[in-house]
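Single-structure report; data block below.
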Ligand SMILES: NC(=O)c1ccc[n+]([C@@H]2O[C@H](COP(=O)([O-])OP(=O)(O)OC[C@H]3O[C@@H](n4cnc5c(N)ncnc54)[C@H](OP(=O)(O)O)[C@@H]3O)[C@@H](O)[C@H]2O)c1
């Protein structure tokens with residue numbers, strides 16, 4: 001049986017995943033008995049298509065990368081828009097990778113809700129649906145007997161959600177602290193090396209790691225949305241991004257960094273979640289942490305997350321110098337999980 005895949009969003013992450021999937025076709029079949037075909041792709045400005053026989057992913061990637069329209073691909077039918085594709089495509093799994101919206105998490109949340117309600121498994125790398133509607137979407141997935149996976153929402157493909165769900169049964173997450181935004185960490189560590197904020201931001205842009213709107217990174221929104229995703233999934237918080245006590249790195253000066261260093265500390269943009277009597281308290285702010293601590297020692301684009309648990313004490317996950325392939329891998333690992341669950345039935 002072939003897993004029928006529909007893409008909504010076919011940008012950097014989805015195309016990197018499409019390449020990975022095409023290159024590993026034989027391995028996936030040999031190692032997991034996973035066979036797949038692509039039956040729909042929806043984009044914002046590069047057309048929306050469906051195909052019962054299967055879309056050639058290599059051709060689709062090349063088409064978008066030369067700025068063409070997917071509707072030019074042979075053997076495909078044009079659809080009027082993404083909403084129509086999500087509501088009507090013949091697929092077993094929807095891969096959602098549209099841009100993050102920090103105000104409402106839309107249209108991604110609507111796409112995910114529609115697909116789950118139709119009985120499709122959903123895999124997303126988008127933080128929005130998890131930060132704005134996790135409890136509701138998870139309940140629909142359970143009710144419909146399908147998977148809702150989102151490993152790529154925090155720390156790309158590094159196992160965060162899967163680690164807790166699959167490897168820490170019976171343990172409760174009491175809190176977390178993390179360096180979760182690569183752009184901010186690159187800027188802070190470049191400033192430690194003497195560069196100005198503006199030069200360091202330019203370097204982050206040059207490496208292509210900033211959000212389309214780099215203010216999301218610098219003002220702590222990206223880290224806040226990730227903190228909410230962690231709290232909602234790992235601590236059943238039902239929080240929203242606007243509730244995070246948030247301060248970004250815009251006001252940080254070289255003098256702040258020097259004074260932290262004089263005391264053996266480093267400045268890091270830290271996202272924290274703590275249980276309190278009134279619920280879960282979430283903060284994102286520049287903090288002085290010991291230079292030799294886990295959070296103090298992550299440099300450049302690297303990320304770190306420390307989970308406090310009741311039965312397993314503290315566990316740390318470090319992702320060293322991630323790139324787009326690590327996000328694509330999140331989609332692959334989630335897709336294999338969907339396949340394995342289907343195979344068990
Ligand atoms: N890049 C990373 O390293 C990274 C890491 C972790 C998570 N993520 C998350 O992964 C997601 C994708 O990131 P990306 O870097 O691949 O972004 P991207 O390159 O900007 O791609 C976004 C894709 O979504 C399409 N799109 C926009 N609006 C749409 C709509 N209403 N319906 C259907 N498609 C729509 C775009 O189409 P057009 O190009 O035709 O407009 C494009 O194909 C984001 O949510 C991001 O936060 C990214």
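Structure summary
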quantity: Test: residue 103 is surrounded by fewer than 23 Cβ atoms within 10 Å (Cβ to Cβ) and within 15 Å of the ligand (Cβ to nearest atom); calculated: yes
quantity: Residues within the range 35-53 that are free of Cβ contacts under 8 Å to residues at least 24 places away in the same chain and away from the ligand (no atom under 11 Å from the Cβ), tallied; calculated: 1
quantity: Test: residue in the range 40-55 that is on the phi > 0 side of the Ramachandran plot, more than 25 Å from the chain's Cα centre (by Cα) and surrounded by 13 or more Cβ atoms within 10 Å (Cβ to Cβ); calculated: yes
quantity: Set 60, 45, 74, 26: member being touching a helix residue (DSSP H, G or I) at 6+ places or on another chain (Cβ under 7 Å), over 19 Å from residue 109 (Cβ atoms) and outside any strand (DSSP E or B); calculated: 60
quantity: Residue count for the range 4-22, restricted to those that are near the ligand (Cβ under 6 Å from one of its atoms) and surrounded by fewer than 20 Cβ atoms within 10 Å (Cβ to Cβ); calculated: 2
quantity: Residue identified as touching a helix residue (DSSP H, G or I) at 6+ places or on another chain (Cβ under 9 Å) and surrounded by fewer than 21 Cβ atoms within 10 Å (Cβ to Cβ) among 198, 136; calculated: 136
quantity: Filter pass, residue 239 being crowded, with 20+ Cβ neighbours inside 10 Å and part of a loop (DSSP other than H, G, I, E, B); calculated: yes
quantity: Residue selected from the range 295-315 under the condition surrounded by fewer than 22 Cβ atoms within 10 Å (Cβ to Cβ) and within 16 Å of the ligand (Cβ to nearest atom), by the criterion nearest to residue 162 (Cα to Cα); calculated: 302
quantity: Close pairs from the range 135-153: first touching a residue at least 12 places away in the same chain (Cβ under 8 Å) and more than 22 Å from residue 223 (Cα to Cα), partner within 16 Å of the ligand (Cβ to nearest atom) and in a loop (DSSP other than H, G, I, E, B), Cβ under 7 Å, at least 6 apart; calculated: 146/120
quantity: Inter-residue pairs, beta-carbon under 9 Å, first part of a strand (DSSP E or B) and in the range 2-16, second modelled with pLDDT under 95 and more than 6 Å from the ligand (Cβ to nearest atom), 6+ apart; calculated: 3/342
quantity: Residue in the range 124-138 that is away from the ligand (no atom under 13 Å from the Cβ) and within 26 Å of residue 287 (Cα to Cα) present; calculated: no
quantity: Residue in the range 316-328 that is surrounded by fewer than 22 Cβ atoms within 10 Å (Cβ to Cβ), modelled with pLDDT of 95 or more and over 30 Å from residue 18 (Cβ atoms) present; calculated: yes
quantity: Residues located in the range 84-101, provided they are in a helix (DSSP H, G or I) and closer than 22 Å to residue 17 by Cβ; calculated: 85, 86
quantity: The range 77-100 - residue that is in contact with a helix residue (DSSP H, G or I) (Cβ under 7 Å, 6 or more places away or on another chain) and more than 27 Å from residue 157 (Cβ to Cβ) and, of those, surrounded by the most Cβ atoms within 10 Å (Cβ to Cβ); calculated: 79
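Quick grid of which residues meet (1) touching a residue at least 60 places away in the same chain (Cβ under 8 Å); (2) part of a helix (DSSP H, G or I); (3) in contact with a helix residue (DSSP H, G or I) (Cβ under 6 Å, 6 or more places away or on another chain); (4) closer than 18 Å to residue 289 by Cα:
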{"position": "185", "(1), (2), (3), (4)": "yes, yes, no, yes"}
{"position": "188", "(1), (2), (3), (4)": "yes, yes, no, yes"}
{"position": "205", "(1), (2), (3), (4)": "no, yes, no, no"}
{"position": "211", "(1), (2), (3), (4)": "yes, no, yes, no"}
{"position": "224", "(1), (2), (3), (4)": "yes, yes, yes, no"}
{"position": "227", "(1), (2), (3), (4)": "no, yes, no, no"}
{"position": "232", "(1), (2), (3), (4)": "yes, yes, yes, no"}
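The values are calculated or read from the model by the stated rules, or taken from the named source; none is laboratory data. In this text the structure is predicted, and so the values were computed from the model without any measurement. FYI the Cβ positions are ideal-geometry reconstructions off the backbone, even for glycines, and counts take in every protein chain you see.
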